[in-house]
Amino acid sequence: MIGGLFLYNHKGEVLISRIYRDDIGRNACDAFRVNVIHARQQVRSPVTNIARTSFFHTKRGNIWLCAVTKQNVNAAMVFEFLLKMVDVMQSYFGKINEENIKNNFVLIYELLDEVLDFGYPQKTDTGILKTFITQQGIKTQSKEETTQITSQVTGQIGWRREGIKYRRNELFLDVLESVNLLMSPQGQVLSAHVAGRVIMKSYLSGMPECKFGMNDKLVIDKSARSADDGSRRTAGHNTSGKPSIAIDDCTFHQCVKLSKFESERSISFIPADGEFELMRYRTTKDISLPFRVIPLVRDIGRSKMEVKVVVKSNFKPTLLAQKIEIRIPTPLNTSGVQVLCMKGKAKYKSSDNAIVWKMKRMAGMKESQISAEIELLPTSDKKKWSRPPISMNFEVPFAPSGLKVRYLKVFEHKLNYNDHDVIKWVRYIGRSGLYETRC
Amino acid sequence: MPAVSRGDGMRGLSVFIADIRNCKSKEAESKRINKELANIRSKFKGDKTIDGYSKKKYVCKLLFIFLLGHDIDFGHMEAVNLLSSNKYTEKQIGYLFISVLVSSNSDLIKLIIQNIKNDISSPNPIHVNLALHCIANIGSPEMAEAFAPEIPKLLVSPDTINIVKQSAALCLLRLLRTAPNCLAPGEWSSRVIHLLNDQHMGVVTAATSLIHSLAQLNPDEYRGCVSLAVSRFSRIVTSTYTDLQDYTYYFVPAPWLSVKLLRLLQCYPVPQEPAIKGRLVECLDVILNKCMEPPKSKKVQHSNAKNAVLFEAISLIIHMDSDPNLLVRACNQLGSFLQHRETNLRYLALESMCMLAGSEFSAEAVKKHRETVINALKTERDVSVRQRAVDLLYAMCDKTNSEEIVAEMLAYLELADYAIREEMVLKVAILAEKYASDYRWYVDTILQLIKVAGDYVSEEVWHRVIQIVINRDDAQGYAAKTVFENLQAPACHENMVKVGGYILGEFGNLIAGDPRSSPLVQFDLLHSKFHLCTPSTRALLLSAYIKFINLFPEIKKNIQDVLNNNNQLRNADVELQQRALEYLKLSSIASQDVLATVLEEMPPFPERESSILAKLKKKKPSSASVIEKEKKEDSPSNTKAASPPPQVSVPKQNEAVDLLGLGSPAPAEKQSSFLVDVFGNQAATEPPVLDTNIPNDDSLPQDLPFSDDCQALAMDGDFEQATYPFDSSGMCDETMSPDDTSVDLFICKHNGVLFENDVIQIGVKSEYREHLGRVGLFYGNKTPSQLLDFRTSISLPSETEGKINIAVGKEAPSIVEGGAQVQQMVNIECLSDFAECPIITISYQSGSQQTIRLKLPVLLNKFFQPAEMDSQVFFARWKALGKPEQECQKIFPASHPMDSESSKAKILGFGMSVLPNIDPNPGNFVSAGVLKLKTAQIGCLLRLEPNKQSNMYRMTLRSSNENAAKSLVALLFEQF
């Protein structure tokens, strides 16, 4: 179990130190600083073992978060907790930086007391934490209120309190996906996967029960089979001919009734109030890649190099991609660069050793290109440049995995509103993860 | 020029460094560096020309980036360009970049060397100095090659100014260290030593370091420096500190130079000229006097500098080792340091005193400080100082004070640090042995040693006690009594049990008269320790018990009960099981006479160098050498105690090995298989033929009393059957007598096929070096089927026995696959001249049991080393070997065509040289060679006179050893 938790700034000064167990000494935070933060060689492993003590760290901006233990804990659990802690802090005071941490250190200690008990993670849900850890000073709570908090926090449905009322019952669904790709220069996909999240923002009265449906192959096949008396059909298409997707794995928010998911593959839940992450998933098959990058690199003698990169958008012409940025790495002995592009802006950024080409937006089924002339300085070193891949960033208004929300039904039996009265919004956003093409 | 107005501040550089320092994270830093590198690259682009100032600035930035840990792969050319600038700062930065960044295999190195050459010959001394510093900083072999001829010229030229000379000397020193052979001795070398007379102290200091290195490499050439060094030294010593204004450090005149000069003088023996020697002694005297004076300053630097000179002076005094007065004074001075507050001083004083104790003049003076040193041992807080104190005590020990010192060391041993205990134990053991006038005291001491520090008592130590007790009749009774008393302690160390078991087993009868130590009491006492011991000790105790049966027949019953116990007879340890079984049988079957013979008291051991000393030497070569030196002086008294080697049959090769034969690695290996050991090691490797005539020279200590057991057992017929798994009797149907012809082929060559029939081919490859040889035997199975039960063994004919030692490297596998070849290595050590070859017996089963006996081509001439000499030397030696028995002549008809070339080849193959132009008749052959044997070197001279008309040869061989001459002639004449 977690023995202690430290927060450091970029210099390695301790900002927050909370020790939960006696086996962690005061010098543990120094050991981490000396061996990881100030290490001569950059430490890349997130888990470091120093003198039979394990340090799990993650970095947010310039802040190091580090969990310490002497026991053989589940590392995935520790990292899940650290990331959750980051989320909690972000929702309380926004960006995690040194100044914010210093301004909120009382709050942070209060949170740390609550989320970990003797090193065992407790409630980390922001919504619940906010019911009893508030940022507005100390407010004397009435006896009813405190008993209500207690019963709610310890009750069966810990993530939602009773008696919530909204004038307008509204809910928002965001499908956020990040698409990762590695492509060979010839256009062959070497690896691709999509990591997606469904974020729900609910403003619903009472204790509504919701049912979420999407075009998951298993569910659709199942329903189709029951409807069609088991007649066989081609995988990937249901009765109505709509495409379905194969989800490799997924995880749900604690509100989802897993037993029902196991038996019926139906996702039903009583939602937490406000914003929460309903599910997380990953797919690797049938990904529609929004962009195709075609590089053309030519060496002209020892002192010159010519680079031409063509970008093709590969989605419906009616959609618009945004925030497009392409990074073309340059050799380490570049002494000068001339860039020519038809669209957007391109610039040689010497601090990154790359040409950065930015376009505000680009419609589907379009094509654009950039050409650059790179002058090289002859070097004494015979080492060959390793040619890092060209990377790309973008944002598109659809889900590259092909995921579609089929329905989200809301049932509230006690209060007098039904599914039709709820206003529902669905939004798809596809972003680039590590989207690289070798050149 | 604009650069001048901008000055040397290099604002761009400081801005860059400030930027880097302000970076919040590593990423930001590397971004800033990437940006700067791109900027510099664009500036260094081929078509642009930039002024010296910017070039310097950018090179500086590159250097800074490199020092931050990034790779720099450009800018070298620009740095080299800077070298040709005339401005000091630009040149300096250029040199700095080159000495830090340019690798020696770069293409630019030629260009750099050219630039440096220009600067070295430049009239501006600052440029010369920069170039010299660069050479020294790089210090690569290339640099040494390029500049080694140049720098000495600079050094001895009258035109060079002092600072350049100083740098040149140090630069040369650096090159000398990388490439000691780079300097060709020239006339400059004689002039270099005159730099010791230079006016400028800096030059002298630098030159002294250089000359010290040179003198170490080539002492004879720089012999002249001694007188100069002495005079320079005396000038420093006699000056008051105001004279050497700039070189006086805390009131000590030129301490560094003094130390260097003293070091230099230690490279040479004491100067012979009385004037120089007198002056040197005077100086040393002054230094010793100065130490008596009250310190001129309370600062620690003052005393440090003063003491540095003093210690170096004492080193020199010890090195000279000729002036008793100085030695004694030095000793007294060191004595006063023994109680000094400073730990370092105490350490140094003890260390120096250790050296002084080795000198005959000061040994007495050192001994005066015994009390202090013993006190230091007890009260000192620093472990390293205590260790030195132990060393010193060891070094100062002699007959008169040995008892006290050994007692003190024993007392200290109980409290000593674990790290030094083992060494101390060895030292105590050595001292006790060496200065033992009374062997009772020796026995007491060693037993006390085992009691106090049993865990640290190595095998060698207790083996040595036993050896000495066995060799000394007068100590035996006392030893038995003392061990008996010591064993009575409720808890005693296992080593004590070992010693006790061995000694009581041998000499228990000497104390049996006393009812308190009656046989039964002795036995019960030993047996009470039995269960607490490791198997090796138990094995030893079992041997002691069987000895008891011989000594005290009245307790035979008790002992047999113990042996008969299932704990013994069915012990998991096969060695114990076997011993118990055999001893039980032996005691019940053998008659009293046989028992008495088998279990006779051990004969005295041959006297050898103490193994303990050898071990200490291995551990600490320095400290052992002190004793070694003394030992030589003491040796007459030592040998007096030693009895002459009584066991003639013990081969001498074990002399280097310790008494109990444990020093060599081979027996240690055997330790794991006691089973084989009991019957002698040879039994495993050879058929029992050998057992009766080769003594068990290298068996384990616990087996030693029983080395003759096996002989007795071998007599006992049915026992032999039971214990030898293989017996050579009546199993073979083919026996070949060793034939000589195949061996003759090997007289003049090392490799070839020794034997071949349609089943097996035996090849031999051999190599010899001095008295050692290695013979590889290759057994090739020519049939497609397996050779089963394949065994080889090597035996020595009785004539050769004791003259060579043969060790078989590894047993050949018992099965040789069809078509396969197995190999076996045989190591040979030649002790003295021999005539008969060893015999190898090979037996295998191929259809029927086959045995082949062959002579192994190990011949005397293999140990020849050719000798070269001219005719004068040859004839002088020829005449010296004029006695009739030293000559062996043979006149014989030629059996081969008489060809001078092939004869020459044969003689060379025989191992001797062929000396041309000695015999007036060019047709005759004259050769010389030395037989390198372990015990002796036998010189041999040969004259071979062919007579073509009568087709006869006359061969004359003269040798210092008549047997050798005969055997050699017998071997050689058949070749012609």
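The values are calculated or read from the model by the stated rules, or taken from the named source; none is laboratory data. All values derive from a computational prediction rather than experimental measurement. Positions of Cβ are backbone-derived with ideal geometry, glycine not excepted, and every protein chain shown enters the neighbour counts. These accessible areas exclude ligands, DNA and RNA; they are computed on the full protein's heavy atoms, side chains included. Shrake-Rupley method; radii C 1.70, N 1.55, O 1.52, S 1.80 Å.
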For the range B:9-28 the number of residues that are open to solvent by less than 30 Å² (accessible area, probe 1.4 Å) and away from every other protein chain (no Cβ under 14 Å) is 3
Give B:Asp455, B:Asp524 a once-over and let me know the one that is farther than 25 Å from B:Ile430 by Cβ and surrounded by fewer than 23 Cβ atoms within 10 Å (Cβ to Cβ). B:Asp524
Out of (1) in a loop (DSSP other than H, G, I, E, B); (2) over 29 Å from the mean Cα position of the chain (by Cα), the odd one out for B:Ser359 is which? (2)
Expected single match for in contact (Cβ under 8 Å) with a residue 12 or more places away in the chain, closer than 24 Å to B:Ala835 by Cα and open to solvent by 80 Å² or more (accessible area, probe 1.4 Å) among B:Gln889, B:Gln937 is B:Gln889
Go through the residues of the range B:343-361 one by one and say whether even a single one is exposed (fewer than 15 other Cβ atoms within 10 Å of the Cβ) and either among the aromatic types (Phe, Trp, Tyr) or modelled with pLDDT of 80 or more (or both). yes
Return a yes/no flag: does the range B:44-56 have any residue that is within 11 Å of chain A (Cβ to nearest Cβ) and either in contact with a helix residue (DSSP H, G or I) (Cβ under 7 Å, 6 or more places away or on another chain) or within 14 Å of A:Ser350 (Cβ to Cβ) (or both). yes
Which listed residue is of a type in the set (Val, Ile, Thr), more than 24 Å from A:Leu5 (Cβ to Cβ) and modelled with pLDDT of 75 or more, from A:Thr150, A:Thr126: A:Thr150
Does B:Val926 meet the test of being under 43 Å from the mean Cα position of the chain (by Cα), in a strand (DSSP E or B) and under 25 Å from B:Glu836 (Cα atoms)? no
Restricting to the range B:16-37, name every residue that is basic (Lys, Arg) and out of contact with any helix residue (DSSP H, G or I) (no Cβ under 6 Å at 6 or more places or on another chain). B:Arg21, B:Lys24, B:Lys26, B:Lys31, B:Lys35
Restricted to the range B:862-882, and to residues that are more than 30 Å from B:Pro838 (Cβ to Cβ) and charged (D, E, K, R), which residue is surrounded by the most Cβ atoms within 10 Å (Cβ to Cβ)? B:Arg877
Restricting to the range B:79-138, name every residue that is acidic (Asp, Glu) and either open to solvent by less than 30 Å² (accessible area, probe 1.4 Å) or modelled with pLDDT of 90 or more (or both). B:Glu90, B:Asp119
I'd like the residue in the range A:314-329 that is in a strand (DSSP E or B) and basic (Lys, Arg) and, out of all such residues, is farthest from A:Arg387 (Cα to Cα). A:Lys323
Total residues in the range A:249-282, condition within 22 Å of the chain's Cα centre (by Cα) and either open to solvent by 70 Å² or more (accessible area, probe 1.4 Å) or modelled with pLDDT under 85 (or both): 6
Are there any strands (runs of 3 or more DSSP E) wholly within the range A:348-439 with 1 or more residues that are over 23 Å from the mean Cα position of the chain (by Cα) and small (Gly, Ala, Ser), and if so which? A:354-363, A:367-376
I need a count of the residues in the range A:320-333 that are within 14 Å of chain B (Cβ to nearest Cβ), open to solvent by 40 Å² or more (accessible area, probe 1.4 Å) and within 30 Å of the chain's Cα centre (by Cα). 1
With the first residue restricted to the range B:66-82 and required to be away from chain A (no Cβ under 12 Å), and the second required to be open to solvent by less than 60 Å² (accessible area, probe 1.4 Å) and part of a loop (DSSP other than H, G, I, E, B), Cβ contacts under 9 Å at 6 or more apart or on different chains are B:Phe66/B:Ile72
For the range B:388-442, which residues satisfy the criterion of being open to solvent by less than 40 Å² (accessible area, probe 1.4 Å), hydrophobic (A, V, I, L, M, F, W, C), under 17 Å from B:Leu377 (Cα atoms) and not in a helix (DSSP H, G or I)? B:Cys397, B:Ala416
Please go through (1) closer than 30 Å to B:Ile116 by Cα; (2) within 13 Å of chain A (Cβ to nearest Cβ); (3) basic (Lys, Arg) for B:Lys31 and return the number of the only condition it doesn't satisfy. (1)
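Yes or no, residue by residue, for (1) open to solvent by 80 Å² or more (accessible area, probe 1.4 Å); (2) more than 14 Å from chain B (Cβ to nearest Cβ); (3) at pLDDT below 90; (4) within 30 Å of B:Ile33 (Cα to Cα):
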| residue | (1), (2), (3), (4) |
| --- | --- |
| A:Ser335 | no, no, yes, yes |
| A:Ala346 | no, yes, no, yes |
| A:Trp357 | no, yes, no, yes |
| A:Pro378 | yes, no, yes, yes |
| A:Ser401 | no, yes, no, no |
Looking at A:Arg361, A:Arg302, which is the one that is within 12 Å of chain B (Cβ to nearest Cβ) and surrounded by fewer than 16 Cβ atoms within 10 Å (Cβ to Cβ)? A:Arg302
Can you tell which of B:Phe910, B:Phe863 is of a type in the set (Phe, Trp, Tyr), in contact with a Leu (Cβ under 9 Å, 6 or more places away or on another chain) and at pLDDT 80 or above? B:Phe863
Flag for A:Leu218 being surrounded by fewer than 20 Cβ atoms within 10 Å (Cβ to Cβ) and modelled with pLDDT of 90 or more: no
Is there any pair with a first residue in the range A:54-69 that is within 14 Å of chain B (Cβ to nearest Cβ) and of a type outside the set (Lys, Arg) and a second that is surrounded by fewer than 21 Cβ atoms within 10 Å (Cβ to Cβ) and assigned to a strand (DSSP E or B) whose Cβ atoms are under 9 Å apart and which are 6 or more apart or on different chains, and what are they? A:Ile63/A:Leu15; A:Trp64/A:Thr58
In the range A:380-399, the residues that are more than 14 Å from chain B (Cβ to nearest Cβ), at pLDDT 90 or above and either closer than 13 Å to A:Thr330 by Cα or surrounded by fewer than 14 Cβ atoms within 10 Å (Cβ to Cβ) (or both): A:Pro389, A:Ile390, A:Ser391
So for the range B:344-353 (the condition being touching an Asp or Glu at 6+ places or on another chain (Cβ under 7 Å) and of a type outside the set (Asp, Glu)), does at least one residue qualify? no
Do any residues in the range A:6-18 that are within 12 Å of chain B (Cβ to nearest Cβ) and farther than 15 Å from A:Val106 by Cα have Cβ atoms under 6 Å from those of residues that are open to solvent by 10 Å² or more (accessible area, probe 1.4 Å) and assigned to a strand (DSSP E or B), where the two are at least six apart or on different chains, and which pairs are they? A:Asn9/A:Leu15
Quick one: in the range B:597-624, of everything that is loosely packed, with under 13 Cβ neighbours inside 10 Å and within 18 Å of B:Ala395 (Cβ to Cβ), which residue is modelled with the lowest pLDDT? B:Ser622
